[in-house]
Structure formats: structure tokens, C-alpha cells
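Computed from the coordinates by the stated procedures, all read-outs in this text should not be read as laboratory data. From a predicted model like this one, the values you see are computed outputs, not experimental measurements. Neighbour counts are summed over all protein chains in view; Cβ atoms, including those assigned to glycine, are modelled from backbone coordinates with ideal geometry.
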Amino acid sequence: MEFDWQPVWLTLKLAGFTTLTLMFIGTPIAWWLARTSHWLKQPVAAVVALPLVLPPTVLGFYLLLLLGPQGVVGQITQSLGLGTLPFTFAGLVVASVFYSLPFVVQPLQNAFEAMGERMLEVAATLRASPWDRFMTVAVPLARPGFMTAAVLAFAHTIGEFGVVLMIGGNIPGETKVLSVAIYDHVETLEYDQAHLLAGGMLLFSFVILLTLYLINGRLNKGVR
Amino acid sequence: MEFDWQPVWLTLKLAGFTTLTLMFIGTPIAWWLARTSHWLKQPVAAVVALPLVLPPTVLGFYLLLLLGPQGVVGQITQSLGLGTLPFTFAGLVVASVFYSLPFVVQPLQNAFEAMGERMLEVAATLRASPWDRFMTVAVPLARPGFMTAAVLAFAHTIGEFGVVLMIGGNIPGETKVLSVAIYDHVETLEYDQAHLLAGGMLLFSFVILLTLYLINGRLNKGVR
Amino acid sequence: MFACFKTELEAFSLDVNLWLPAKGVTALFGHSGSGKTTLLRCIAGLHQAKGDLKINGECWQSAGFFLPVHKRPLAYVFQEASLFPHLSVRRNLEYGYRRVPEGERQVTFEQAVAWLGLGEMLTRMPDKLSGGERQRVAIARALLTSPRLLLMDEPLSALDHNSKQEIMPYLERLHEVLSIPVLYVTHSPEEVARLADHLVVLDAGRVVASGELSETLASLDLPVKLGENAGVVLKATVSELDDEWHLCCASFPGGELWLPNEGFQLDQPIRLRVLARDVSVALSKHEDQSMLNVLPAVVESVSENDRPGAVMVKLDLNAAEGEALGCTSMLARLTARSVDKLQLVPGKSAWVQVKSVAVLE
Amino acid sequence: MFACFKTELEAFSLDVNLWLPAKGVTALFGHSGSGKTTLLRCIAGLHQAKGDLKINGECWQSAGFFLPVHKRPLAYVFQEASLFPHLSVRRNLEYGYRRVPEGERQVTFEQAVAWLGLGEMLTRMPDKLSGGERQRVAIARALLTSPRLLLMDEPLSALDHNSKQEIMPYLERLHEVLSIPVLYVTHSPEEVARLADHLVVLDAGRVVASGELSETLASLDLPVKLGENAGVVLKATVSELDDEWHLCCASFPGGELWLPNEGFQLDQPIRLRVLARDVSVALSKHEDQSMLNVLPAVVESVSENDRPGAVMVKLDLNAAEGEALGCTSMLARLTARSVDKLQLVPGKSAWVQVKSVAVLE
Amino acid sequence: EQVLVAVAANFTSVMRQLVPPFEQQSGHRVKVSYGSTGKLYAQIQNGAPFELFLAADTLRPQKALREGLAVSDSGFTYAFGRLALWSAKAGLFDQSSGAEYLKQNEYPRLAIANPKTAPYGKAALEFLQQVDVWQDVKTRVVRGDSIAQTFQFVATGNAQLGFVALSQIRGWQGGQGSLWIPAAKEVPSIEQQAVLLHAGADNPAAIAFHAYLKSDQAKGIIKAAGYGVVDK
Ligand SMILES: Nc1ncnc2c1ncn2[C@@H]1O[C@H](COP(=O)(O)OP(=O)(O)OP(=O)(O)O)[C@@H](O)[C@H]1O
Ligand SMILES: Nc1ncnc2c1ncn2[C@@H]1O[C@H](COP(=O)(O)OP(=O)(O)OP(=O)(O)O)[C@@H](O)[C@H]1O
Ligand code: MOO
Ligand SMILES: [Mg+2]
Ligand SMILES: [Mg+2]
């Protein structure tokens, strides 16, 4: 049997894009949540965690409604000439981002909060603008938080399944990711293939994670 | 139509038990990971994150193999006279714990690491035994981490679906949780009921989360 | 430099209104909890208080205007360790340095490293330093931003006497090199006397004294109990060198004092400090004793001191020699019994015997 | 108390071997980075170094044995802020207090609060305190564990002079109340002289001097430059009270000194410190001057001091009155010129004029 | 007595109608566990306490019989699923123009169930190949994991049309839409079999329900829901 690499690449691409997007979206949200004392702080924090409590397929269903041609967002994307998102790779990214947001925001918010004000104040007196001190002080000090956020987001997206299945339509090469492929094998009693894929995925993920952790451990000690 | 409360209670019970169990299991693991410099540290950390990368149904499938009458663990539980875990509430808890472990370990590990040594040293010179200083210094200082861990674990268990469906078998009153119930409604095109349940669940979760966050915010400021 | 702030912190309120010289070191003195740190934070812009702030004619803060911290060309040495834990000592030092345009740099990296003796620790991480080492790095880092206002919150309190002695001259020279105002919080009267030109005393968030150092120190009713460190500061000129005995003579309106020659040049202007505890009074001039400095004076006033049995006597130096009435006074801290025995009352002539003199810069 | 440690920290190695008295305050003195904090951490058990440690006959550490930190009945005041940020001041204070069995408590909660003036801040959180306030809480918290060994790492350096003056007497009385050894790291010669009975000097991780305070201070070749603070410590007894002038007279083998009476009783034993910088020498006795204390003495030795032109003269007090040769000496720091002028050579008789005397306890 | 029945997801709503009359008549209680056929089968293999298995195909019940998980000879066909082409938008096509519309190819997305996992998907794929449309639409086909998901794709308008189960359209409360039911001889119907599992071999309730499914009353309900039944 020829091994089908497409789902593997697609999965990595999806997880990569999602993680990246999540970092860009999650960081400002987490930063705002960590620093503000606005009355909206707690409600927003609660809303961010909400996607978690819906079963993925159900979340997928609502996203389908929302992003579909009759949905609010769908109407907007259509009027912008973008078409609708479901059944596209972009749609998968949007859905995954939505679903994994809490895994990114929460650890980052904790890291930013644990940091305190002092180091940022010091940087300010050393002429660093808010953006500068965010990049050169807050981000490095919050590195364990970023690490955790990225690992959780990446791994969760790889393993994600319900939402992807629902919003992606399982189109080979476009939205058929690894998790769906394994699932298919399990459902059709092709256990051998399922074992192979799942085992490979675990091994691969283990190697990735271990490397990541080892580098991180090294960084924590060394001089930079 | 009479509203069926059973899945609601079952879900809360499952999420509660799972979160509690996770705290008891995750805390020592996170503490060990945060403090040790053993060479096994990074491999163990990677293994803890692994369940994440498998699609829930697939994970459920393997747990089923493992815990079932032919599985290694199943053989053991049977020989201990415990029967097999799948299709029981206990089985659901075990599976959920396994699946949500990284969400608990990672934030706790970060919180423990961010804390540093100093405060523990201070407590030691003030006559606090290791256990005492863990409870009176490490735990309170890691509170944001515990908070995040509990929220992620609880919410994730509520929304969890694939694993639960696989290992639980959707048996009313025993393993049919809310997420599965909503899923059933969506699958059978009973969208009204699905909307109702999903909406209720969101609202309920929002209220819970908001309350939690508000209390937490208060605690962060006030004197204890 | 003009600063005026009002702010409330739970149990504490700060309400100050200050005119400070645009040059020289101003010591900020006051009890623990009197608001020194809070005032510095307001000036730095770290604490947003209502108020006005003008430095050298530039407005940093006024009603409706607030220059953000990083745009204020100041440096701040914090009271507690404040090194970036994720950067090596070198990178800590470079942090501010790099953010200052090259043209505005007045201190080179090598200078700062040499002044504070950091050569050996450049590659180390902050958590591998001792308390004093950390503080030295923090000072160097601040200096490397070539600030136009330097705020220092007890920068030397973690240092030993020798390190202090080594660093102080650089701090002293700082405002000559950089010619900037320095606001210096300290608990050490020694540091006040040695470094400061001006003195501001805070108490419970209010300014209770503010003025030129020598005036403030000589004033008998200064509410701060300078205690052991009350004394006067004199502006003098080196008028004679005695190389055999490593001494030099410093003249000032009203007299002259011999002191150890620490490499002074003839005609060099220097500042001297004479502590009241180092001054004794005699009714005649004795030659067969070890004190080199014995000056004629007239008692100007006698006042109760901070503790019973001790008395502070203020004497005017120049009047005895019939010169124009000048301002040079001496403070002597004596026992009440001696004052009584010697009948020291205002107008009485006496000899001031000075046991030791310190040079301030 | 016996301590012997060897440990390596990257660029630094500690190698000490110490016998310390089981009572009284031992000052740990040394440059920044000389290993003072590291030594305290070894003694506390926070840093696991190879070595032996015995306190009052109890073994805390030896080859193959290591008593864990929380089982060592010691208290540690850290060099840097160390309050629990999640607990109010009251809860911080109670933390150690509650963990000590009631029967072993020697200090009450109220006492500690009163001594360190914490009454008003009990309900506040640590981040709402000023630097000095935090340090006072840390000291009180340490005292409340009624330790049998007190380790203090520059506990007073964040405090102003007045707070220091207020707290020091309590620290002084501590080893009377608790009768425990105190190991006290400080950079302040003032604190050394005032608080310490013993002195240990560290340099680059090695002990370079260790001994009784008065001996160590009087030794002319002490490698630590005590500088302005060289002097002698005398054990004396109050022999006369002069209530009119708030004075009292303290006698010791070789003479007597008048000093301010701070509420002493007749026959009370006290310790006096006379700094070399406060002593001048005359060849005859002058009555018409303000110094009360003029004592006959004989020059014992003359030695170069730390800076050119200055000389340290050691004088024996009692010999002049023909008493049994005793041990009471005085140090005088004079200019070389005066020594030459007065011809001060060993064996010469002279009058020691003491400008001020400090009482140590 | 009580019986625990594992039922293929597509049969959920019919099952809900079947249970109350049975419970009334027999006095037994029925508990139902819904899931996809593949998942239910994996669970049965691993010790699930199901007593009766209503699959969405013939493959798995037969496999259960072969592997000795079910009581031999207990397998029978309880329903025939019927495939229909459906769009949520009314007026696109009707029974007469459905085939035409499918071939005209003017829709961006066509939804079918995953042919690998769902029998309805397999049937739809075979039909598309048979009428020579497959090559043209191949790249525009989206696959629902189950027939229910496929229906959701169409119902939400994300796919313009799709092959769904006729029973779903019968049960659908939403708008009319466009419907074409291919003739039974053109498109194979999906044979759904049920077996009695060993866990229920001695349970009167299980045996009774097994029998009830074959009754005319049950057949009537099943038929009304849009399935075919075995006419004797
Ligand atoms: N964030 C805060 N919130 C409330 N009160 C505060 C806060 N920071 C300081 N205070 C209080 O304000 C007063 C002044 O504090 P500040 O730190 O300015 O004192 P300080 O003069 O610097 O004292 P120290 O010499 O001890 O450092 C203190 O009584 C302190 O308890
Ligand atoms: N964790 C560490 N790892 C490596 N080197 C260290 C570590 N801690 C301290 N050092 C080094 O050991 C030496 C002694 O440090 P220590 O903190 O004991 O000095 P100290 O005498 O307390 O100085 P200070 O008066 O400045 O507090 C210093 O040179 C310091 O840089
Ligand atoms: O009823 Mo199914 O097994 O989801 O096609
Ligand atoms: Mg302060
Ligand atoms: Mg130290």
C-alpha cells in the first residue's frame, strides 16, 4: 500500500498556521486581560474560555451556521468577495483558532500577570517604548507561557477532529487531516492502518515535543 | 416535552470528578517537573502532552482496547475483581483525566517554575516542613495556575465528546453526558433542542466562569 | 527644576511643592515611609500623580500633559534589585545604552564598567551575583543612558564601605561630567554630607526643609535630627601645600584649616565638612597638643541639643579677626557641663579646636 | 558554635573554618562578593555545602548528616525583601510564630510589633509598604520564631538613621532576652562597633580575621580598613552619676570617662567605644577647654595608618598612674605632623583628650 | 425487564417513535445508545453491554455473527435506507428535473456522506459513478462524516445540494427545499440489519424488542419515516 502523505502535510500545515495565528491573536488579548482593570475584563476572559465547553462537532455545527451563506459572518465574507469559509483551508484555520483560543490566552495571561510591573518600569526608565519593552522584556520573561501556549495549541489542533470534520468537509488534500484519516480507519475496521498512523503520529509528536522541551530547558539556563 | 436533566447532572458530576482527580494527579507531576533536573524531566513532560495529539475518538478507541476485557489494563482490573472500566462512570473519569492531563500539568508547572526558590527558602527558615511550605506558600502563590488548570480541565471535560462517546457508549443515565446529548440532537436534526441545550450550556458555563474569575480577581487584590 | 505633586495612596498622601537647582546633587532625606520613593516615582512618571513638573525649562508634566516615562531623559536606580533576570550583565548594561542615540552618549560602555568594577562579571547572569554586585550593575546601567536627570533610591545601601568609597567619587564627578541634576535618596548622613549640594527633607509626605546643604546643615532647628552628623560645610580654596607631611591648607572667609592632602592643586576650590562632634572649644590657644586646627571665634548662640546634657554651640569664625562680618560659622557639640564651666555665652571669645575635617569633593 | 564549609560556585569558592562564641553578636564583615551571604546560606542549610556545623553542642551537619532547614531552630533575615506577597503583614508575622510550639516562644507577638513599630501596618499587604517598612516586618517575623541562632544579612541597610537607632537597642537586647548567638552581616562599621561582640572578616571566600571585637578593632594591622571607625572598646562600670548635667562616670582599669547618662544605674556594667578619630593628644593638661575626658597615658606604639600623612598612635592608660600593667589602651588617629611636633615616641607620657564616647549596650 | 439497544445514528428519530408503543405493550423498558455503526461495533468488540445492535449496514452485523458476538441466526433486515438528492433552496429542481440538474453541474458544492464510513456515502458514490457525473464533480464533493453531517451541510446552505437519507427529509421541520428521489432500481437502497447480541440472549426484553421490530406496527412506523421495509 502506498502511504498517503497528504493528510500528514495538511495536518502540519493546519497546526502550524493555527498556532501562528493564535499567537498573534492570543497575545494581545492575554496582554490586555493581564494588565487591564476594565470592568469588561472578567466577562471577556469568560467568553474566551467558552468555546471549550461546547462539543467540537456542535461547535462545528454553529460555525457552519455562522460562516455559511445565510450566516452573519458568511454574509460579510461573501460581500467582501471572499466567498464562504466552510470547506476551505482558511475555514479550518478559523475554526481551529476559535476552538483553541483558550489554550493560548490562559497560559499567556498567567505569564504576563506573574511578571509584575517592576521590570517593565525599569525598561521604561531605560528609554524603551511600550512596544519595545513588550518585545524585549515582557515576551522573554513570559517565555514559559508562550511555550505552553504553543504546545497546547499545536497539539490540540493536530488532535482536533470534530470541528475540523464539520467545517472542513473532509476533502482530500484540502481539508482531510490526519486525525480524520485515522478516524476513518477506525470506523471502517481497518485497525492496522489506524495503528500505523496513530503510532507514527505519537512518535513524531513525542520527538517534536521532546526537542522543544530540551531547547527550552537549555535556554532557561544559558546566557542569551 | 419534558426536559431531561439527567445528562446535565451527569456532565457536572463527570467534570467535577475529573477536575478534582486531575488536580490531585496533576499537581505532584507539575511540581516534580518544575523542581527536578532529572534527565527524565523533558521526556515525561513530552509524554504528558501526548494524549493531546490523538483525535479524541481515536484516543477513546485505544483506551477501549487497553481497558477492555482483552486489554492489559482490563485484565488487571478484572483480576482485581473490579470488572472492566469502559461503559461505566469510572471509566469516563479515567478517560477524561487522561485526555485533559496536559491542560492541568502545563499551567501548574509554569506557575511553580515562575515562583522561584526564594519564598520556599524563607518558609523553610520559618520552620515550615516541605509539605507545609508546599501548602502554605507554593499553592497560594501558584493560585492563578491552579485557576487556569481547573477552568481548562472543567470546561474541556464538559465539552469533551469523542473520548466520552467511545469509552462511555452513550448509555442514558450512566454515560450519556450533555455533549453527547447535544450531539444526538444535532445528528437527528432536532436543531431546536440542540439550540436550547447548547445555549443553556453556554449561559451556564459563562455564569460559572464569570463568577470564578470575579472571585479570583477579588482575591488577587484583597487581604487574605 | 520645579516639581509639584499631589497623590493619595490608601493610608498615605504625598503633597510636595519643590524648587530644585538644575545642577548638583539633591539629597532626599526622611524616615522610612515618608514618601521618598513615591516622590521619585512621580518624577519618573511611574506613578501618575496630579501635578506639574519642569526640568531645565522643559515641561514633563502639567495639567492635561504627561510625558511618558520612556520619553523622559532620566535614569532611575531602584531601591531594590531590578536587573533583567533574562539578560546577562553585559546585556543589562547595553539595554539602556543602545536606546540612546550615539550622539547623545556621554559615558562609554568601558567607562561605566571600569568605574563600577564590573569587568569580571559581564557574562554572568544576575542571579549569580551578590547583593552588592547587583546594585553596582544597576548603577552602571543607569549611567549608560547619559540621563539629564538622575534619580537614585538608596543606591549604595547594599554596598560595603570600601565599595562605597570607590564609587562615590564617580558619583561626585558625575554631575561634573554630565552636568545634570541628581536626586539622591539616602539614609546615610555620611552620604548626604559627602555628595549633596542641596537637601530636601520629607516627613509624612510633606517637605519640611529644603535648601542649600551648608545652610540646612548649619541651621540649629533643623527638624531632622542629623544627630552625630550635624555640622557645617565650608567652601574653601587650597592656599598652601605641605608635601613633607602630606597636608594642605584650605582658606575660606574667616580662617584656614589644615587637612590631609589628597592630591589637591594650589588654588583648587574644595568643599569641607566639619562635624559638630569633631569640634571642641577652649578659652586659650594650646600649642602642645595634636590638633592642627585651632581657630579664634566668637560664640553666636547656644541651644539645647537633641539629648539632655548635650548642647549645640554655634560660633562665628571671622568676627574674631575683625574682618567684615561674614557667614562662616562652626557648630560644636559639647556637654552642658563644659558650656557652663567655660561660661560660653553669646559674644564670648573662644578657640575652636577641630579634630578632623573631611573633604567633600 | 563550630562551622566548617567548602563549596564551589562557578567563579567563586568558599572555604571557611570558624569557631564562634555560643553567645553574643558576631559581625560578618567583608567586601561585596566576599561570600557573606553564601556563608549564611550554608549555615542555614539553604545551600548544601560539604562541611560540619555544630551549634551549642548540637550537630546540624556533618559528613553523611544534614539537618533539613526547617528543623534548624534558626531565623534568617534575608538581604533582599522576602515577605510573602500573598499574606498580609499580620499573617507574615504569624507564619513562623505559629510554627513554634507555645512553650518555646520567647517573644510575644505584641512585643515584636511594638519593637519594630508595625502597629499601623498589620492589615496591609507587603506591596503597599515602603522598602524600610518591609525590612522591619522581616526582622519582626524572624524574631517571632524565638530562634536559637539568628542570621541577619544586612538587616538595617534599608533603614534610615532614626529607625536604625530605634531598632538597634532591641537587637542589642535580643541576645540578652533570647541569649542566642547572632551572626550579623553588615557593611556599616558603625553597626559593627555598636552591636558586635565578635568580628569575622571574610575576603574572597576565606576568613582573614576572627576574634573578640575589642581585640580585633585595636589591632593596628587589621587588614580590613575600618578607616574612620577604628577605635577601642572598653568594659567599664558606672561609678558616679551627675544628675545636674545628665552625665555619668564610667570607671575601668586605667581610668574613667564621663559620658551622657542614658538612664544608667550605679555599678551597672557598660561597654564603651572610643574611636581613634575622636582622640587627640596633648603634652600638658588643659582645663580651659570643653573636653571633659582628659586622661594621662604613655605612648606604646606609633604606626603608619592607611593614608599618607596620618598616623595611628596607641597609648597605654594605666601605666601613667603606676598601677599594675593592664590592658587598657587607646587609639588616636593623628597627623604625622602633630606626632613630629609633639615628639610622640614609645614611652613618652602624654594626655589623651577624648572628644566623645559611645555606649555600646 | 430492561434492554439496552445500540442504534445507528441515522435511525435515531425512528427509534424514538418505536420505543413508547413497545414499552406500553410489553411493560419492558428500552434504553438506547446512539452512535455511528463503526463506533458501536468497536465498542461491542470491546465488551460494551449492548444487547441488541441496529446497524446501518449489513457488514457489521454479519461480522458480529461471524466473530460470535451475536446470537446466530438472529440477524435480519429491519429497514432499507433510501437515498435522495436534496437542496435547502426551493425551486432548483423537482422530481422530474432532478437528474437533469445533477448533470448540469451548476452548483459549487455537492455533499455526500463519507463513502468509507457511511453506507449512504457508498451508495451515493456508486450512483454518481453510474450516471457519469463523478469525474466532473469529484473536486467539489464535500464529505460528511455521517449522513447526519451531510444533511447539516445541505441544510445550512454550505453545500447547495447533497445526497441525504429520505428519512431525514421526512423528519425535517425546516423549509420545503428541492427534492429528487431517484428510482429504486437506479440507486441501491441501504440495507440495515439488526442482530441480537450475546448479552441480550437471555433477556426477555431484548428478545421481545427483537421480535417487535419485525411486527407490522413497527414496520408501519419505519415506513412512515421514509425507510423501506421487507414486505413479506
Ligand atoms: N502602592 C502603595 N499603595 C499604598 N500605600 C503605599 C504604596 N506604596 C507605598 N505606600 C505607603 O506610602 C508611604 C510612603 O512610601 P515610600 O515607599 O514612598 O516611602 P520611602 O520614604 O521610600 O520609605 P523607605 O525609606 O522605607 O523606602 C509608606 O507609608 C507606604 O506604606
Ligand atoms: N548562585 C550563584 N552561582 C554562582 N556564583 C554565585 C552565586 N551566588 C553568588 N555567587 C558569587 O559568589 C560570590 C559571593 O557571593 P555572596 O552573595 O556570598 O557575596 P556577599 O559577601 O554576600 O556580597 P554582598 O555584600 O554584595 O551581598 C560573588 O562573587 C557572587 O558573584
Ligand atoms: O447511521 Mo450511521 O452508522 O452514522 O451511517
Ligand atoms: Mg523607599
Ligand atoms: Mg550578600
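Using the Cβ-Cβ distance between residue D:71 and residue E:24 with R0 set to 60 Å, the FRET efficiency from 1/(1 + (r/R0)^6) comes to roughly 0.20. Net length available on complete extension from residue E:103 to residue E:215 is 36.2 nm, with 0.36 nm assigned per residue and the Cα-Cα distance removed. A point 7 Å from Cα along Cα→Cβ stands in for residue D:8, and the other copies hold the same point at 6.1 nm, listed in rising order. Partner shielding of C:98-109 amounts to 1, given as the average count of beta-carbon atoms from other chains within 10 Å of each residue beta-carbon. Label-point distances for residue D:212 to the equivalent site in the other copies, using a point 7 angstrom along Cα→C-beta, read 5.1 nm when ranked shortest first. When you restrict to C-alpha pairs under 8 Å that are six or more residues apart and normalise by the size of chain E, the relative contact order lands at 32 percent.
Note on region B:155-224: dipole from Cβ charges, positive end direction compared against B:183, B:203, B:167; the farthest Cα belongs to B:203.
When each of D:125, A:166 is scored by the number of other beta-carbon atoms lying within 10 Å, the sequence from fewest to most is D:125, A:166. Taking a point 7 Å out from Cα toward Cβ as the label site, list the nm distances between residue D:346 and the same residue in every other copy, smallest first. Label point to label point, same position, other copies: 5.4 nm. Shown for E:100, E:126: other C-beta atoms within 10 Å of each C-beta, ranked fewest to most, produce the order E:100, E:126.
Note on residue B:90 and residue E:77: the model spin-label points, each 7 Å out from Cα along the C-beta direction, lie 4.4 nm apart.
Positive end of the dipole of region A:6-223, charges at C-beta (+1 Lys, Arg; -1 Asp, Glu), about the Cα centre: which of A:99, A:134, A:77 has its Cα farthest in that direction? Comparing the listed Cα positions along the dipole, A:134 ranks first.
Most tightly packed first, judged by the mean number of other beta-carbon atoms within 10 Å of their residues, the peptides C:274-287, C:234-247 read C:274-287, C:234-247.
In terms of the mean number of neighbouring beta-carbon atoms within 10 Å, the peptides D:62-68, D:4-10, B:57-63, B:109-115 order highest first as B:57-63, B:109-115, D:4-10, D:62-68.
Over all orientations, region A:6-223 has a Cα convex hull whose mean projected area works out to 14.6 square nanometres.
Mean per-residue shielding of peptide C:256-265 is 2, counting Cβ atoms of other chains within 10 Å of each Cβ.
Computed from the Cβ-Cβ distance with R0 of 60 Å, the FRET efficiency linking residue C:265 to residue D:63 stands at 0.45.
For residue B:13, the lysines whose Cα falls under 23 Å of its own Cα, not counting residues fewer than eight places away in the same chain, are B:176, E:31. Working ranking of peptides E:110-122, A:194-206 by packing, defined as the average number of other Cβ atoms within 10 Å per residue, highest first, is E:110-122, A:194-206.
Considering only E:214, E:63, E:185, the Gaussian network model of chain E with Cα springs below 10 Å gives its largest mean-square fluctuation to E:185.
Here the extension length gained between residue D:288 and residue D:349 equals 19.9 nm, from 0.36 nm per residue of separation less the Cα-Cα distance. Each of D:340, C:197 has some number of other Cβ atoms within 10 Å of its Cβ, and from fewest to most they run D:340, C:197. I need the calculated FRET efficiency for the pair residue B:4 and residue A:35, taking r as the beta carbon distance and R₀ as 45 Å, to the nearest 0.05. Efficiency computed from Cβ-Cβ geometry: 0.55.
Per-residue ellipticity at 222 nm computed for the protein assembly as shown from its helices equals -12500 deg cm²/dmol, with DSSP H segments shorter than 4 residues left out and the rest contributing -39,500 (n - 2.57). With the convex hull drawn around the C-alpha atoms of the protein assembly as shown, the volume per residue stands at 206 Å³. Between residue D:108 and residue A:189, the simple spin-label model (points 7 angstrom out along Cα→Cβ) gives 8.4 nm. Relative contact order for region B:6-223: 30 percent, from Cα pairs under 8 Å spaced at least 6 residues apart, divided by residue count.
Scanning chain B for DSSP H helices at least 15 Å long along the axis (C-alpha atoms) with a Kyte-Doolittle mean no lower than 0.0 picks out B:6-35, B:56-67, B:89-115, B:143-159, B:191-221. Between residue E:132 and residue D:8, the distance separating the two model label sites (each 7 Å from Cα on the Cα→Cβ line) works out to 8.6 nm. Counts of other chain beta carbons within 10 angstrom of each beta carbon in peptide D:245-252 average 3.
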